[in-house]
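A short worksheet on the structure shown next.
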Amino acid sequence: MMIKKDLGGARIQALVDRVLPCERVIDVGCDHGYTSMGLARREDIGRVLATDISVPSLAKLQEALEDGGEGWKKKITCVKADGLQNLPWKEADALVISGMGGSLVRSILEGEVSLSRSCHQWVLSPQSDLALFRTYLTSLSYEIREDMVEEGGKFYTLFDVRLAGKIQPGYRARVDQGDPFFLDYGPSLLARRDPVLLRKMRKDLAGLEDLERKLSTRPPEKRGDKQESRLKKVIEEKSRLEAWLGPDR
């Protein structure tokens, strides 16, 4: 089976590219297996354990492996599992988890600590609760590298966590301040003015401007306390984005 470089799109390829060369990778919640197949095509990745709680999803991956010949079947092992529970591997080199909410990713990492902490690297892309997830990762004190990928008008944050490294002091300081702006957008992404993040911020700004217009259609005396409070918050958020993006936004 010919596997294209953009197998599954930019987000999947970004996940695949960020895994360091190693012998054993666990792809948790592999879905149709695009990430697992992308990892397997890399010569510097030894074996991939593809897990999912969904039998139909695993069946689609297994079908693709059958079409791909013996090489694929030998490199990828498919297992029905809930997170990291009851896996045939008791340790691994890298762990990939994406397409889930931040709270679920955290529960998977904490559900089988001996297995998750045996890894040298986690490549994680939670779909929600990023502020809380950043706070959680910071509490572990591991080195955190962040990237952002845009695909189909949506933006995805990738966390490359190196368990042998120590969290960057500047990252910890920003998270510990509890500033929602840095918790939502990411200290390291903001610090280097990541171009994909800036595109997301411009999109967020456009959404806030539209919301401000809608909330401002009624005169102040008819808005009510709830709507007035919401409008004030929108204006504050909009002003902070404008200040960060600068005149060339």
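The values are calculated or read from the model by the stated rules, or taken from the named source; none is laboratory data. Just so you know, these numbers come straight off a predicted model, no measurement behind them. Cβ sites come from the backbone with ideal geometry, for glycine too, and all protein chains shown count toward neighbours. With ligands, DNA and RNA removed, areas are computed over all heavy atoms of the protein, side chains included. Shrake-Rupley method; radii C 1.70, N 1.55, O 1.52, S 1.80 Å.
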Requested in this report: With everything on Cα atoms, drop me the angle between helix 55-68 and the longest principal axis of the chain, reported from 0 to 90° to the nearest 10.
Outcome: 60 degrees
Query raised in the report: Relative to the compact globular guide of 2.2 N^0.38 Å, what is the alpha carbon radius of gyration of region 80-217, as a ratio?
Result: 1.17
Query raised in the report: Within the accessible area of region 133-249, what % is carbon and sulfur when the probe is 1.4 Å and the other protein chains stay in place?
Result: 51 percent
Requested in this report: Once you have the Kirkwood Rh of region 176-233 from its Cα pairs, apply Stokes-Einstein at 25 °C and 0.890 mPa s and quote D in µm²/s.
Outcome: 183 µm²/s
Query raised in the report: Which aspartates and glutamates, on any chain, are close to Lys214 with Cα under 17 Å apart, when same-chain ones fewer than 8 places away are left out?
Result: Asp204, Asp225, Glu228, Glu236, Glu237
Query - the chain: angle of helix 195-215 to the longest principal axis, Cα-based, in degrees nearest 10 - result: 40 degrees
Query raised in the report: Can you give the calculated 222 nm mean residue ellipticity of the chain, where each DSSP H run of n ≥ 4 adds -39,500 (n - 2.57) and the sum is split over every residue, rounded to the nearest 500 deg cm²/dmol?
Result: -15000 deg cm²/dmol
Query raised in the report: Magnitude of the Cβ-charge dipole of the chain, K/R +1 and D/E -1, about the Cα centre, nearest 20 debye?
Result: 520 debye
**Report entry** Dipole of region 191-249, positive direction: furthest Cα of Gly207, Trp244, Val234, with charges on the beta-carbon
**Finding:** Gly207
**Report entry** Total formal charge among the other residues, if their Cβ is under 12 angstrom from that of Glu237, Lys/Arg +1 and Asp/Glu -1
**Finding:** -1
Requested in this report: With only Lys, Arg, Asp and Glu charged, each at its Cβ (+1 for the first two, -1 for the last two), find how big the charge dipole of region 114-249 is about the Cα centre; round to the nearest 20 debye.
Outcome: 140 debye
Query raised in the report: What do you reckon, how do Trp244, Trp122 stack up by accessible area (1.4 Å probe), largest on top?
Result: Trp244, Trp122
Query raised in the report: What pairs in Lys60/Lys200; Lys166/Lys200; Lys73/Lys154; Lys90/Lys154; Lys60/Lys80 have C-alpha atoms more than 24 Å from each other?
Result: Lys60/Lys200; Lys166/Lys200; Lys73/Lys154; Lys90/Lys154
Report summary line: Taking every alpha carbon pair in region 59-119 and sorting the distances into 5 angstrom bins from 0 up to the bin holding the longest one, the percent per bin comes out as 3, 16, 23, 20, 18, 13, 6, 1
Query raised in the report: What shape does region 34-136 have by the C-alpha gyration tensor, where a ≥ b ≥ c are the square roots of the eigenvalues, rounded means a/c under 1.5, and otherwise prolate means a/b greater than b/c and oblate the rest?
Result: prolate
Requested in this report: Could you tell me how many degrees, from 0 to 90 and to the nearest 10, lie between the Cα long axis of helix 224-245 and the main elongation axis, the longest principal axis, of the Cα atoms of the chain?
Outcome: 70 degrees
**Report entry** As computed over the chain, the Cα convex hull volume per residue (Å³)
**Finding:** 150 Å³
Report task. Taking the Cβ of Glu143 as the centre, find all other residues whose Cβ is under 12 Å away and add up their charges (Lys, Arg: +1; Asp, Glu: -1). Result -> +2
Report task. Report the local net charge at Arg162: Lys and Arg +1, Asp and Glu -1, summed over other residues whose C-beta lies under 10 Å from its C-beta. Result -> 0
Report summary line: Interchain or sequence-distant (5+) residues whose placed amide H lies within less than 5 Å of the amide H of Gly46 are Cys22, Glu23, Arg24
